[in-house]
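Input: a single structure, listed below in C-alpha cells.
The values are calculated or read from the model by the stated rules, or taken from the named source; none is laboratory data. Note that the coordinates shown come from a computational prediction; the quantities given were computed from them, not determined experimentally. As a convention, Cβ positions derive from the backbone with ideal geometry for all residues, glycine included, and neighbour counts pool all protein chains shown. Accessible surface is based on the protein model in full, side chains and every heavy atom, while ligands, DNA and RNA are left aside. Shrake-Rupley method; radii C 1.70, N 1.55, O 1.52, S 1.80 Å.
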Amino acid sequence: MIVAVTDYLRQDKLPHLWCGGCSHGVVVGAVARVLAGLGIPVDKTVITTGIGCFGKADDYFATHALHGTHGRALAFASGVKAVSDDLTVLALMGDGDAATIGGNHLIHAARRNMDITAIVSNNNNYGMTGGQYSATTPSGKKTSTSRYGNPETDFDLCSLVVGAGGGFVARTTPFHVRAMEKLIAEAISYRGFSFVEVVSCCPTYYGRYNREGGAVAMVASIKERAMSKEKFNLLPLEAKPGYFPMGKLHLEEKIDFNTRYREVQQKAQDSHRES
Ligand SMILES: Cc1ncc(C[n+]2csc(CCOP(=O)(O)OP(=O)(O)O)c2C)c(N)n1
Ligand SMILES: [Mg+2]
C-alpha cells in the first residue's frame, strides 16, 4: 500500500496556528514525511503530546493521537506502548513539556528503555504562556520571567537523556531539514527509547526579548552555532557556550522494556505451572 504524506495530515486543520517563523511546523512536516517514507500505517501510529504550542502538534496528524496533560506526553506514550507493542509511538514535546514539568517522565522513559520516539522542539521557553524561562533557557537570557537574565543553568537535553540511559540520541535544527528527516527515520526504526532534539526558535517571545532579530536571523544563528560532534569536541571550553554538536550523538543497542517485560511474564507463568 502506498501512503502519501498528506495521508498523515489532517487537511481540515490546516493552516496551523503557529506564529510566522516558529519552527514547530517544520518538525511536523518532517515527521509526516518520515512516516510516509517508512510506510508506517496511519492507523498503527500513535502521537502523544502534552500542553504548549508544540503540544498542539497532534491536532494536525491523521494518526491516532493522545493529547494529554502538560509534561505527561511520555507517561501516556509509555502506557500505550506497554500494552500495544505493534504500534509506532511518538511523543512530540516542547522543552517545557519534556524537560521542565515533564523532566521526571523523560528520564524514566529513557531509563526503562521504552520503545518510543521522543521528539522535542526546543525553543528555549514556554511559548504558549508568554515566553517564561524553562529548563533549557540558557543562563543570562531574557524571558518574561527573567527580565534581567536567567539566573538558572540550562539542561543539555541530549546529555541528560544519554545519562538517563537513552540508546539513540540525536540533535538537529530547523535549517537542516533533510538531516532532521534522516535522524527521525533512524530514531523511529530504532528498537528502544530514541530521542531527537530540534534546536528551534521562538521569534515571538524568546527572540524578541533577546533582540535576536526575527526568525530568519534566528535560524541563521542556529545554523552558525551547530556543528559536528568531532568539531565541537575540539573547541576550547571557553568557546563552547552557545555552540552545540548536532547529528547522531549516541547509539547503543539495549533490550527494550517490552521485551524484558515479556521475559519476566514468561518466567512468572513457568514458575506458576511448575508449582
Ligand atoms: C500542570 C500545568 N502547569 C502549567 C500549565 C501552563 N502551561 C501551558 S503550556 C506551558 C508551557 C509550554 O512550553 P513548552 O512545552 O516549551 O511548549 P511551547 O509552547 O514552547 O511550544 C505551560 C507552563 C499547564 N497547562 N498545566
Ligand atoms: Mg518551548
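Structural remarks
- Test for Thr117: is it in contact (Cβ under 8 Å) with a residue 24 or more places away in the chain, in contact with a helix residue (DSSP H, G or I) (Cβ under 6 Å, 6 or more places away or on another chain), β-branched (Val, Ile, Thr) and within 20 Å of Tyr243 (Cβ to Cβ): no
- Tallying residues that are assigned to a loop (DSSP other than H, G, I, E, B), within 13 Å of ligand 2 (Cβ to nearest atom), among the polar types (S, T, N, Q) and open to solvent by 10 Å² or more (accessible area, probe 1.4 Å) within the range 124-142 yields 2.
- Screening Glu263 against (1) within 24 Å of Ile116 (Cα to Cα); (2) surrounded by 12 or more Cβ atoms within 10 Å (Cβ to Cβ) leaves a single unmet condition, (2).
- Of all residue pairs spaced 6 or more apart or on separate chains, those with beta-carbon atoms under 9 Å, a first member in the range 40-61 that is within 15 Å of Ala30 (Cα to Cα) and among the acidic types (Asp, Glu) and a second member that is assigned to a strand (DSSP E or B) and away from ligand 2 (no atom under 16 Å from the Cβ) are Asp58/Ile47; Asp58/Thr48; Asp58/Ala65; Asp58/Leu66; Asp58/His67.
- Qualifying positions in the range 35-51 - under 13 Å from the mean Cα position of the chain (by Cα) and either open to solvent by 10 Å² or more (accessible area, probe 1.4 Å) or closer than 19 Å to Thr6 by Cβ (or both): Ile47
- Flag for Ala185 being open to solvent by 10 Å² or more (accessible area, probe 1.4 Å), more than 19 Å from Gly103 (Cβ to Cβ), within 14 Å of the chain's Cα centre (by Cα) and among the small types (Gly, Ala, Ser): yes
- Count of residues meeting criterion [open to solvent by 10 Å² or more (accessible area, probe 1.4 Å) and touching a helix residue (DSSP H, G or I) at 6+ places or on another chain (Cβ under 9 Å)] in the range 85-100: 5
- Glu253 meets the stated requirement of being out of contact with any Gly (no Cβ under 6 Å at 6 or more places or on another chain), closer than 24 Å to Asp85 by Cα and charged (D, E, K, R).
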